[in-house]
Protein chains: 4
Amino acid sequence: MGNSFGTLFRISTWGESHGGGIGVVIDGCPPRLPLSVEEIQFELDRRRPGQSEITTPRKESDTAEMVSGIYEGQTTGTPIGIYVPNGDHRPSAYAEMKDKFRPSHADFTYQTKFGIRNHEGGGRSSARETIGRVAAGAIAKKILKLAGDIEVRAYITRVHDIEMPALDHFPSLEEVEASPVRCPHPATAELMVERIKAMRNEGDSVGGVIECRVRNLPVGLGVPVFDRLEADMAKAMLSIPATKGFEIGSGFDGSRMQGSEHNDIFINKDGKVGTATNRSGGVQGGISNGEELVFRIAFKPTATLIQKQATVDKDGKETELMGRGRHDPCVVPRAVPIVESMAALVLVDHWMRHKAQCQSFDFESK
Amino acid sequence: MGNSFGTLFRISTWGESHGGGIGVVIDGCPPRLPLSVEEIQFELDRRRPGQSEITTPRKESDTAEMVSGIYEGQTTGTPIGIYVPNGDHRPSAYAEMKDKFRPSHADFTYQTKFGIRNHEGGGRSSARETIGRVAAGAIAKKILKLAGDIEVRAYITRVHDIEMPALDHFPSLEEVEASPVRCPHPATAELMVERIKAMRNEGDSVGGVIECRVRNLPVGLGVPVFDRLEADMAKAMLSIPATKGFEIGSGFDGSRMQGSEHNDIFINKDGKVGTATNRSGGVQGGISNGEELVFRIAFKPTATLIQKQATVDKDGKETELMGRGRHDPCVVPRAVPIVESMAALVLVDHWMRHKAQCQSFDFESK
Amino acid sequence: MGNSFGTLFRISTWGESHGGGIGVVIDGCPPRLPLSVEEIQFELDRRRPGQSEITTPRKESDTAEMVSGIYEGQTTGTPIGIYVPNGDHRPSAYAEMKDKFRPSHADFTYQTKFGIRNHEGGGRSSARETIGRVAAGAIAKKILKLAGDIEVRAYITRVHDIEMPALDHFPSLEEVEASPVRCPHPATAELMVERIKAMRNEGDSVGGVIECRVRNLPVGLGVPVFDRLEADMAKAMLSIPATKGFEIGSGFDGSRMQGSEHNDIFINKDGKVGTATNRSGGVQGGISNGEELVFRIAFKPTATLIQKQATVDKDGKETELMGRGRHDPCVVPRAVPIVESMAALVLVDHWMRHKAQCQSFDFESK
Amino acid sequence: MGNSFGTLFRISTWGESHGGGIGVVIDGCPPRLPLSVEEIQFELDRRRPGQSEITTPRKESDTAEMVSGIYEGQTTGTPIGIYVPNGDHRPSAYAEMKDKFRPSHADFTYQTKFGIRNHEGGGRSSARETIGRVAAGAIAKKILKLAGDIEVRAYITRVHDIEMPALDHFPSLEEVEASPVRCPHPATAELMVERIKAMRNEGDSVGGVIECRVRNLPVGLGVPVFDRLEADMAKAMLSIPATKGFEIGSGFDGSRMQGSEHNDIFINKDGKVGTATNRSGGVQGGISNGEELVFRIAFKPTATLIQKQATVDKDGKETELMGRGRHDPCVVPRAVPIVESMAALVLVDHWMRHKAQCQSFDFESK
């Protein structure tokens, strides 16, 4: 374990940056879901490098093959295998990394934990691993949409210190995709693109913040006490490379408020119980309350720099490492579909768990 | 599931605020660990209400009984059952809560998810549930200390908007426990105590931030890609009632930095590989790197107020609810041992997982 | 893990023969199930020793307390804690067992695996541990009955070499309970009782076979490929102390047949697909097919004898051990409610899993 | 879940008989295990059809590709992906199966459970799925051999009613592989081959019994109470297609003995504690005791016949089905490597679990 996620809708990813390929197995997918490989490819294309002028110029086609679990355009309820062969193999570009540890990368910890590592392109610690998550997430998003009209939308609210104003509506996918930086506020998006280009020119990098919102979620998702919805969501988000923080609803700012300001008063919304404000972020007691789910994730600046950095080698000797070649000055835009995917995986899993425990049996009518 | 946590060192908690009692079963504890019930009681006493002038005046003795898994002062490797009977039963105090939903509590979501709820004292959503975690955490902390001299220390860095200055050393337990608010900076602690008392007088409440640090951790804890150490830690922390956020190392602030500022340069520290700074927070690529583990958790202000609040009842009718009786204006000081416990549980579990996969077999010598 | 069973309807047992008590936590029970402690006690009374002249004369009252998870006579969906305090503590009776290993018991393996053991009454390896299973099984059986009129019936078909003729109907609980040996064929039951009494007089013991049948099971329970219904059932049964074998449907005899004799021809039974014979035992491809589930379990003779036996002590020195005191010459009758309980646990769990995956979503109508 | 097996050494299989291919992901494999694809291919070649005159003449090359988790000839500790593309696609051969349910196959239950099925070659219920198990089992067997000189050997003891005499030694792989039927007693093997050929000529089939023995196992594998070694082994074996029964040690015959005959007396064997007999089959109290592990599995006759059989179609209408084409009159010989693989997977997993819990920490020396 460690490479699997979920309980009832469970994915297992495999594969390294270089070598055969990257893949995912999805176990527990409901049967008879209409599904085409194009739907998966659509999300993979959002994730892959080389999409725009602000991402790494690496060309990876990342073409998905569905090798099991589908029959005549529908899922069969058996494991769905998805395979994305690797291409663009340039091991020589990584020769220096074999013996030197890149700062703030996983080189040192992998080497020490396992006593061996595939250093080419970061091996298993490469963000290419998230291909499997995005492929599985495409399926999870389709289930949410088809079965409950539930939409998951992530977008960038901050790059470096450039922050967009508060959003007064649930943004459409088109609004998000309108700019290469995936910020739905056009004026801010433009500034962000400039900043990222500037960083690329300096061989430097920046991080940022992604916000994710989910609407039309039913009440009842999440299982106290350890598998609270926000707990599983926090784990999902912190499992994404380069993340440093997670907050839901009012988050860290909420800890600066008084209870009388912070509490979400219940009101009657057209015959349904709702809340006047949403500092809870859509979850109370670990369970979705029917309001919009709202959370944010902090991403650190990319560790790879096109600069000379001090470091040590495998023998502990101090040395220097010169980053070269292709580099992604800000990975946050490409992380947007990864955040959506992980969120959708958590939600489908918890929806199935909720139905299993609370909606399977009707004892009263007996 | 949902009420269990961990894989190899696995706890399952049970019990409601009122009724028989609260308990925990610990499965997978290593055998031959010297253990006394007093060690568990010590931590429970740190958690229970009524310890000081700033917590709820509720008197709960919370006396632990170890009902299995121990023989002649040592663990046997079989499940450790710990049972804390409930006392202080005052159901009449909760009559109003039967039909009205307390704002920002779990009343509405539990009722809607399960179609039934034990409303007395919050039932399962009561913070009394954390008794089981703290009892199990006492055992986990003992294992860390005894087997690796590993120390887990949590303390408050902020209450409401009162923040202590950055700490230049790993604080001792005595420093933390010196003030009832568990802030190791005495001058700040005093201000925090005043603020909490002021809130109590107004029937209002405040939240805050807890920081947790762990020292002497070996390199290698954490399993990529989903069970990264910080991912499991984030889940552990967000499973604690009233939490709204988690960040590790540089956290949200780190997302405002450039890569050239943020990267932790590797250096040789007395023959060992270390880092010059610790923005990574002790984890790289999801695996502990031997530096101090450092993370922070945001707590919202207590939802229970001694004020009149608008709300709705079970039929969706708008009404008012008057909080009365005993109330805890700031739960954060009592959450300190809970944070330590959850952290210790994650670390023991990952240590065992690391040893199982990476240190069990020596193929080379064959 | 190791002391938990099930995925969605999950039980964790704890406790030793001597010491505080025995208990179980049930996590994932559907809410709003009407449940009284008497229903649990009824099954515990079937399991406990001292019920009849052919079991051990040990008097254990085994009184269950439900300490959580129930509110006003219904389950709440939160963990159900059940606690059975131990009584009848006679450590002196076990002094010899402290240093000598009883043949075909767990003394040697526990001591070697854990480096420590509670030798009193067998500690955790005592059959008292099954109290928790039977308590949980009572709840599982109630769910099956209430939600689907599904009945689980176990009974003895053989003791030593005394075998009852094939049964031509699904026996009632009354038929099974009519004799202390729980064989629904009265003439055979009488012979079995005589044999067991004879063994007791010799200080010897015998084993036997239990058959279990389940009727009214829906089609669809069981998840290929590893969690086939018969695979999980086999695990459940082999986890019961003293079991040596499991077979389903035609079992070992089926391996002596030709395919043309063995195949179960499909027929139309009153508009439903059924099979003319049931050599499959109610499962095909790992999934229940709507026919009666039929399986059998082999139990070895009780290892405890009131005879002198050769053995070794903790230092490996050869010695002798004299069994004394109270002894159960045939545990198989008391294992009948344990078999039913484990079967019911597997079935409820798989029913919930089936509903979660295959009956939660209706994509076609969208 | 359902398609994964194991806890620490965990495999997930995917793939159908027809379509892209068959594969397995192995998560948790210890790092630095020397491993070549040839070692995996060796076991796959033992499993595949067309090896000899008594198996199906289907030619499947079953060529394995290792697509991740290996670097310079050693495992890296990250997931090992193995992929075996399908070939020999003849969907027309299966046209009749689309609407008619083959007797004693999984057609009806899959169709009813999932509401859809890939009928070509049995889809997911095809024995081709076991390719993934055998590939993973090859790795598990290598770990056992390299780390502990532990050997797992399965062989046929009975085909139909032809049974070999009791074996007085642990047979070598050569002895087992000497005959196409994998019975290490040459005279019996010859009779078995004749019987299978006779069945093939009649278009009929037979089953049989496989015995599996493991030597050099350390004391301590297995976790009471649910994850006993024999319980997990029973699940592993009953998860293999066509199995109907499992027994360990004395098995069903043991239930005919008296305790005084059945008990395994402890003796001192060259300074180690051992038993004079092995009716326990190498497990006591759910834990390996250092003696040989011995268990047996019953296989039913192959359900596919080259005969006309009565059945029903998808609408429940009674009809007939004529088996045609290629058919395997006895699958038991090809199941031998599958049994070994599943056994090895259970053992590696439990060895890692044992080391994690019982051998990770040394509290005494502190």
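The values are calculated or read from the model by the stated rules, or taken from the named source; none is laboratory data. Not measured: the values here are computed from a predicted model. All Cβ positions, glycine included, derive from the backbone under ideal geometry; neighbour counts span all protein chains shown.
Miscellaneous remarks
- Selection of region A:242-271 for residues being crowded, with 24+ Cβ neighbours inside 10 Å and in contact (Cβ under 8 Å) with a residue 40 or more places away in the chain yields A:Thr243, A:Lys244, A:Gly245, A:Phe246, A:Glu247, A:Ile248, A:Gly249.
- Among the residues of region D:46-79, those identified as in contact with a strand residue (DSSP E or B) (Cβ under 7 Å, 6 or more places away or on another chain) and closer than 29 Å to D:Val176 by Cα are D:Asp62, D:Thr63, D:Ala64, D:Glu65, D:Met66.
- Counting only helices (runs of 4 or more DSSP H) that sit completely within region C:72-189, those holding 3 or more residues that are more than 14 Å from chain D (Cβ to nearest Cβ) and in contact (Cβ under 8 Å) with a residue 24 or more places away in the chain correspond to C:130-148.
- Candidate set from region C:49-73 (those that are within 12 Å of C:Val84 (Cα to Cα) and modelled with pLDDT of 80 or more); member that is surrounded by the fewest Cβ atoms within 10 Å (Cβ to Cβ): C:Ser61
- Residue among C:Gly290, C:Gly274 that alone is free of Cβ contacts under 8 Å to residues at least 40 places away in the same chain and either out of contact with any Phe, Trp or Tyr (no Cβ under 6 Å at 6 or more places or on another chain) or surrounded by 21 or more Cβ atoms within 10 Å (Cβ to Cβ) (or both): C:Gly274
- C:Arg128 falls short on exactly one of the conditions (1) within 19 Å of C:Val336 (Cβ to Cβ); (2) modelled with pLDDT of 95 or more; (3) not aromatic (Phe, Trp, Tyr), and that condition is (2).
- Evaluation of C:Asp45 against the conditions (1) surrounded by fewer than 22 Cβ atoms within 10 Å (Cβ to Cβ); (2) modelled with pLDDT of 90 or more; (3) at the interface with another protein chain (Cβ under 9 Å from one of its Cβ atoms) shows that the sole unmet condition is (3).
- Filtered residues of region D:15-41 (kept if outside any loop (DSSP other than H, G, I, E, B) and more than 10 Å from chain A (Cβ to nearest Cβ)): D:Pro34, D:Val37, D:Glu38, D:Glu39, D:Ile40, D:Gln41
- Selection status of D:Ile22, under 19 Å from the mean Cα position of the chain (by Cα), crowded, with 24+ Cβ neighbours inside 10 Å, within 30 Å of D:Lys197 (Cα to Cα) and at pLDDT 95 or above: yes
- Search result, residues across region B:316-334 that are without any contact (Cβ under 8 Å) to a residue 12 or more places away in the chain and closer than 16 Å to B:Met97 by Cβ: B:Lys317
- Scan of region A:341-366 for residues that are closer than 26 Å to A:Thr302 by Cβ and not hydroxyl-bearing (Ser, Thr, Tyr), ordered by number: A:Met342, A:Ala343, A:Ala344, A:Leu345, A:Val346
- Evaluation of D:Gly208 against (1) of a type outside the set (S, T, N, Q); (2) more than 24 Å from D:Ile248 (Cβ to Cβ); (3) surrounded by 22 or more Cβ atoms within 10 Å (Cβ to Cβ) (one fails), failing number: (2)
- Single unsatisfied condition, A:Gln284 versus (1) of a type in the set (S, T, N, Q); (2) surrounded by fewer than 21 Cβ atoms within 10 Å (Cβ to Cβ); (3) without any contact (Cβ under 8 Å) to a residue 24 or more places away in the chain: (2)
- Test for C:Thr55: is it assigned to a loop (DSSP other than H, G, I, E, B), β-branched (Val, Ile, Thr), in contact with a helix residue (DSSP H, G or I) (Cβ under 9 Å, 6 or more places away or on another chain) and touching a residue at least 40 places away in the same chain (Cβ under 8 Å): yes
- Selection within region D:3-14 - closer than 26 Å to D:His354 by Cβ and either free of Cβ contacts under 8 Å to residues at least 12 places away in the same chain or within 7 Å of another protein chain (Cβ to nearest Cβ) (or both): D:Asn3, D:Ser4, D:Phe5, D:Thr7, D:Leu8, D:Arg10, D:Ser12, D:Thr13
- Selected residue (criterion: farthest from the other protein chains (Cβ to nearest Cβ)) from residues of region D:311-340 that are of a type in the set (Val, Ile, Thr) and more than 30 Å from C:Ala298 (Cβ to Cβ): D:Thr319
- Residue match in region C:332-344 (condition: within 27 Å of D:Thr275 (Cα to Cα), under 22 Å from the mean Cα position of the chain (by Cα), part of a loop (DSSP other than H, G, I, E, B) and β-branched (Val, Ile, Thr)): no
- Positions within region D:5-19 being surrounded by fewer than 24 Cβ atoms within 10 Å (Cβ to Cβ) and either of a type in the set (Asp, Glu) or modelled with pLDDT of 95 or more (or both), in sequence order: D:Thr7, D:Arg10
- Condition broken by C:Lys197, with the remaining ones in (1) surrounded by 24 or more Cβ atoms within 10 Å (Cβ to Cβ); (2) out of contact with any Leu (no Cβ under 7 Å at 6 or more places or on another chain); (3) more than 13 Å from chain D (Cβ to nearest Cβ) satisfied: (1)
- Hey, C:Val219 of a type in the set (A, V, I, L, M), in contact with a strand residue (DSSP E or B) (Cβ under 7 Å, 6 or more places away or on another chain) and crowded, with 24+ Cβ neighbours inside 10 Å or not: no
- Some residue of region A:192-199 being modelled with pLDDT of 95 or more, assigned to a helix (DSSP H, G or I) and within 30 Å of A:Glu318 (Cβ to Cβ): yes
- Some residue of region D:321-331 being of a type in the set (Val, Ile, Thr) and within 30 Å of D:Ala135 (Cβ to Cβ): yes
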